[in-house]
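Quick note: the coordinates plus some simple rules give every number you see, no bench work behind them. Note that the structure is predicted; figures quoted are calculated from it, not measured. Note: ideal-geometry Cβ built from the backbone for every residue, glycine included; neighbour counts use all protein chains shown.
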Amino acid sequence: MASPNVLSCEDLREITGYQRAADIERCLVEQGVKVFRGRLGPWTTIDLVNQAGGLTPHAQNDERYDASIL
C-alpha cells in the first residue's frame with residue numbers, strides 16, 4: 001500500500017492531464033518537481049510538489065526548537 005504522501009503515476013495522469021509517462025515526467029520536471037522513475041511510471045510526493053511551488057513543510061511541535069536555544 002502506498003503512503004498517502006506519494007503521488008503515483010495514475011495520480012499524476014489525473015493531475016497533469018497527460019497520458020504518457022514521458023509527458024508526465026517532462027511536465028513535472030519543467031515545473032521544478034523532483035520525479036522518480038518507478039516500474040509503473042514516474043512518481044513523486046506531495047512534499048516535493050509543494051517544495052517546487054515554494055511551500056515549506058510545517059514544523060512538528062517537537063521540531064520547532066533545536067539544541068541552540070539552551
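For region 1-20, the set of residues classified as in a helix (DSSP H, G or I) and in contact with a Leu (Cβ under 9 Å, 6 or more places away or on another chain) consists of Cys9, Glu10, Leu12, Ile15, Thr16, listed by residue number. Given the residues Asp23, Asp47, Asp11, which is the only one that is surrounded by fewer than 18 Cβ atoms within 10 Å (Cβ to Cβ), touching a residue at least 40 places away in the same chain (Cβ under 8 Å) and either among the charged types (D, E, K, R) or touching a Gly at 6+ places or on another chain (Cβ under 7 Å) (or both)? Going through Asp23, Asp47, Asp11 in turn, just one is surrounded by fewer than 18 Cβ atoms within 10 Å (Cβ to Cβ), touching a residue at least 40 places away in the same chain (Cβ under 8 Å) and either among the charged types (D, E, K, R) or touching a Gly at 6+ places or on another chain (Cβ under 7 Å) (or both): Asp47.
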